[in-house]
Amino acid sequence: MMDEMKYPGSGPPPGIAVCPTPHDNDGYVPDEGIIMPPTAPPFEMPPQQRMPVVELGSLSDEDVREACLQFASENCCYGTKFIRETALPKIFNGCTFHYQLETYGEKRETAERHEPYRGEYVDGPENGFPPAPWTIEVPIPAMFVPSIAKVEVPHTARVKECLRCVGNCRIRCESCYGRGGNTCWNCHGSGRRDARPCPSCTGSGRQRCWNCSGTGQVKCGTCDGLGRLRHFSLLIVTWSNHVESYITDTSKLPKTEILQAQGKEIFKEENLKVYPINHATDETVNAASKAMVEKHEHAFPNEFIRQQRHMLRAVPLVRAEYVWKRKQGEFYVYGFQKKVYFEDYPQKCCCCTCC
Ligand SMILES: [Zn+2]
Ligand SMILES: [Zn+2]
Ligand SMILES: [Zn+2]
């Protein structure tokens, strides 16, 4: 132990005391002068306990029929005779897992902008070097909510003559092409109508332009008639929330249905970075979590990841087999709200009188 703490060959450098390491570390207080190793980067996986067994309850034959009745009542062409008569030889009470990862990223861009200069204070490069985009502090409005913020980059402003009107404040009228008027529509420029002076132009043959009141020029819209523009760099910060889900086997029930179904949350975690879960009872969930977390790490190269969160929930999923009028099939009752799904409902009619 002593050897490990000594510098090779020459013994301890001056000023640094080498202490023998006691065999028993209990109550050991290090002497001053001992160089402590640097702290390891925080790369520790948070402790993950095994998940409790989820108890979602189960549906009886009667519960399943009741859910079907509710479902049929919401669809006017679905008869209820089937629900009353059908045999339900097998009802499988199960559950499906829904894992979701959210990555909240921030993107920063700069763009050159200008606006009419009204004589306000100009924060130009003479005030200092413009800060790099990622060093500007822009508060996050709300975590996991997509948002955009625009901030002027300090010390980038300068005033220049308007590019469009070259400082004249006025530009050529586009309605009359600068002529101040147009040929009279009534007399086509002759000034006369039925051998009398034209009533529309009082004999001039021209009509004054409505847009420029005959001057041939209008106010420059770029500088708002002020002749000068204030140019500056704008920092555009975009926050995006990237959401991805994994749903375990749902048989013939479309997985998207599970996203809307109520279930029980069994795990939830939020941090600057999350680590894949490895303690779900369904191994495919652990694998999906690992793949998703790894993917999100590199999927948004333009963004700085501000926060991540993931959750796992269990959604009740009941698969029922039916036999009715020599027809066999299956349907699903899922979510705490007992939603029902049939690939093809067995008793559909158009007249609504047979049921
Ligand atoms: Zn202008
Ligand atoms: Zn006329
Ligand atoms: Zn005009």
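The table that follows gives values for the structure above.
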read-out: Pairwise label distance in nanometres, residue 272 with residue 164, each label 7 Å out on the Cα-Cβ vector; value: 4.7 nm
read-out: Loop-located GluC sites (Glu not before Pro) in region 111-144, at most 15 other Cβ atoms within 10 Å (DSSP); value: 120, 137
read-out: DSSP-loop chymotrypsin sites (Phe, Trp or Tyr not before Pro) across region 76-173, with at most 12 other Cβ within 10 angstrom; value: 121
read-out: Those lysines that a straight Cα-Cα span of less than 23 Å connects to residue 81, excepting residues fewer than 8 apart in one chain; value: 90, 325, 327, 338, 339, 348
read-out: In region 254-355, GluC sites (Glu not before Pro) in a DSSP loop with at most 14 other beta-carbon atoms within 10 Å; value: 343
read-out: Leading residue at positive end of dipole, region 227-355 (Cβ point charges), from 276, 288, 316; value: 316
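Bear in mind these aren't lab numbers, they're just calculated from the coordinates by the rules spelled out. What you are looking at is a predicted structure, and each value in this text was computed from that prediction instead of being measured. Positions of Cβ are generated from backbone atoms using ideal geometry, with glycine treated the same way; all protein chains shown enter the neighbour counts.
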